[in-house]
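Take a look at the structure below.
The values are calculated or read from the model by the stated rules, or taken from the named source; none is laboratory data. Treat the numbers as computed from the prediction; the structure is a model and nothing was measured. Neighbour counts run over all protein chains shown; Cβ positions are idealised from the backbone, glycine included.
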Protein chains: 4
Amino acid sequence: MARSEPHSRADYSLFWPLQTRWGDNDAYGHMNNVVHYALFDTAVNAWLIDQGLLDIHSGKLIGLVVETRCSYFSELAFPDSVEAGIRIAKLGTSSVTYEIALFRQSETQAAAQGSFVHVYVDATSRKPVALPDNWRKILEKIT
Amino acid sequence: MARSEPHSRADYSLFWPLQTRWGDNDAYGHMNNVVHYALFDTAVNAWLIDQGLLDIHSGKLIGLVVETRCSYFSELAFPDSVEAGIRIAKLGTSSVTYEIALFRQSETQAAAQGSFVHVYVDATSRKPVALPDNWRKILEKIT
Amino acid sequence: MARSEPHSRADYSLFWPLQTRWGDNDAYGHMNNVVHYALFDTAVNAWLIDQGLLDIHSGKLIGLVVETRCSYFSELAFPDSVEAGIRIAKLGTSSVTYEIALFRQSETQAAAQGSFVHVYVDATSRKPVALPDNWRKILEKIT
Amino acid sequence: MARSEPHSRADYSLFWPLQTRWGDNDAYGHMNNVVHYALFDTAVNAWLIDQGLLDIHSGKLIGLVVETRCSYFSELAFPDSVEAGIRIAKLGTSSVTYEIALFRQSETQAAAQGSFVHVYVDATSRKPVALPDNWRKILEKIT
């Protein structure tokens, strides 16, 4: 796996604002590497909810995470404000590969970036389902 | 609210082993005050499951937390091993006040202690229900 | 300990915006009781940093938490936006009792409220120190 | 990035026991994908401390995480007991690529597996340093 180069803001068209928390800083005084994934989850799911696609409690479709990764380039730390750039690298039949870059406020180069793969499944059976048209139409905008 | 004195192991008969995590340590190098509550939740719910009372996924009864508190006496930190002493201060019709003390392995005095109040509700309606006999019988053992 | 009544926004003059995260929701589909304390920590410390008082990395003074409590009145859940009302119930020589109420956006009654007591100590010796004048002056504004 | 196949216990010689927590379960009733990384961090760092290598508070060397990834094969959930298999895929001059597989108690196939890359740096200057002999000798045992 070749280590990737930091993305810039120009590589993204969709951004989501994120807040850091006191407890995000670990014993080394910076944001623990685990927290970046909590921010990925938050940015993508908040956007899906905002777009009227995901409904955590009563939707027919939920997204299960099957693969995640992250490269860390520079430190983030509470009380930093962060913006997540979000784009879709691959839009499959029932799976979506999101790429997310985390930018410290006012910086143009990503402090960290990664990807995660959602497989969309029926909320009850947990079996993969083809993404419906209303999902596909919106997801294509950031592909 | 008068600040309480640290309990000793002799004040408890039920103990539950707990593991600390790397990310529990905050920027000050000790366990963040928030984590103590994650340990309370874990100890009490793990014991309830172990006793065959709580079933997270398909039980009729779930416990909702309505009140919590904690006093911190001395630092805990990853990689400490911790034991939780658990006892019931008040066993009501549908609510239970648990007291939990966290002991660093090999220490007899609590590093922190607190309480939390569970109200037991119907998993679907989320309305309080009287604790069934099988629950009451087991809970009385640590009251 | 008598269970308190929910505060209203009118009881506070200082508010701090807070963001919920995907992972804040637990198996019962609402914000886990532990997360409220992560929000308390974040709101108070972010405000102290914003006021130029707290400096996590190189300040002489740090705040250690010795007592916390919270009452839960109604559910919060990701993706709720939350505002924390912050006020000081007791301003001691070296300790401060903060009261924090969490309001779901657009609601006037607190979904949860609690308090936490910070003892301010020397960052190196970890011994309590009297709050300096510049701290006291700002803290008095919300007392 | 080809999705990897689940490892078996036979692929590892070093195992570290891990405890799940109540709050690890998310709104979908299983362990949130973020928590797996908290377990990776905990297993590797606890082992390094146990071997007398890492000293969080006063050691000269600390490990900074520059790259992480995880593949999820089957659900884990509180109150599962988990064991982490740990091995080293690449032992560089100052960096180490750990591979970690998470096994649900009594299962032989990994529920999830991933890797993370630690770069070891001077605790003060945060500049990479060559791994000392006592580190290298122990790390080679699981390479």
Quiz item: Considering only region C:4-22, how many residues are of a type outside the set (A, V, I, L, M), touching a strand residue (DSSP E or B) at 6+ places or on another chain (Cβ under 8 Å) and outside any helix (DSSP H, G or I)?
Solution: 11
Self-check item: Criterion (touching a strand residue (DSSP E or B) at 6+ places or on another chain (Cβ under 8 Å), facing chain B (nearest Cβ under 9 Å) and polar (S, T, N, Q)) met by exactly one of C:45, C:32, C:25
Solution: C:32
Quiz item: Quick one: is residue A:125 more than 11 Å from chain D (Cβ to nearest Cβ), surrounded by fewer than 20 Cβ atoms within 10 Å (Cβ to Cβ), free of Cβ contacts under 8 Å to residues at least 12 places away in the same chain and more than 25 Å from residue C:57 (Cα to Cα)?
Solution: yes
Quiz item: Out of all the residues in region D:53-91, which are surrounded by fewer than 20 Cβ atoms within 10 Å (Cβ to Cβ), at the interface with another protein chain (Cβ under 7 Å from one of its Cβ atoms), more than 24 Å from residue D:143 (Cβ to Cβ) and modelled with pLDDT of 95 or more?
Solution: D:79
Quiz item: Is it fair to say residue C:62 is closer than 29 Å to residue B:4 by Cβ and over 13 Å from the mean Cα position of the chain (by Cα)?
Solution: yes
Quiz prompt | Count of residues meeting criterion [at pLDDT below 95 and either within 27 Å of residue D:88 (Cβ to Cβ) or surrounded by fewer than 19 Cβ atoms within 10 Å (Cβ to Cβ) (or both)] in region D:14-33 | solution = 1
Quiz prompt | Enumeration of residues in region B:70-98 that are outside any loop (DSSP other than H, G, I, E, B), under 30 Å from residue B:27 (Cα atoms) and in contact (Cβ under 8 Å) with a residue 60 or more places away in the chain | solution = B:71, B:81, B:82, B:83, B:84, B:85, B:86
Exercise. Identify all residues within region B:34-52 that are within 15 Å of residue D:78 (Cα to Cα) and buried (at least 20 other Cβ atoms within 10 Å of the Cβ); write none if there are none.
Key: B:38, B:39, B:40, B:41, B:42, B:43, B:44, B:45, B:46, B:47, B:48
Self-check item: Members of region A:120-143 that are at pLDDT below 95 and either in contact with a strand residue (DSSP E or B) (Cβ under 6 Å, 6 or more places away or on another chain) or more than 17 Å from residue A:65 (Cα to Cα) (or both)
Solution: A:123, A:143
Practice problem: Output the number of the condition that residue C:121 fails; it satisfies all remaining conditions of (1) outside any loop (DSSP other than H, G, I, E, B); (2) farther than 22 Å from residue B:27 by Cβ; (3) over 17 Å from the mean Cα position of the chain (by Cα). | Solution: (2)
Practice problem: Just one of (1) more than 12 Å from chain D (Cβ to nearest Cβ); (2) more than 12 Å from the chain's Cα centre (by Cα); (3) free of Cβ contacts under 8 Å to residues at least 60 places away in the same chain trips up residue A:7, so point out which. | Solution: (3)
Quiz item: Is there a residue in region D:1-10 that is at pLDDT below 95 and among the acidic types (Asp, Glu)?
Solution: yes
Practice problem: State the number of residues belonging to region D:99-108 that are at pLDDT 95 or above and either closer than 20 Å to residue D:122 by Cα or polar (S, T, N, Q) (or both). | Solution: 1
Quiz item: within 23 Å of residue C:137 (Cβ to Cβ), in a helix (DSSP H, G or I) and out of contact with any Asp or Glu (no Cβ under 8 Å at 6 or more places or on another chain), is that true of residue C:43?
Solution: yes
Quiz item: Can you find even one residue in region C:99-116 that is buried (at least 20 other Cβ atoms within 10 Å of the Cβ) and farther than 24 Å from residue C:20 by Cα?
Solution: no
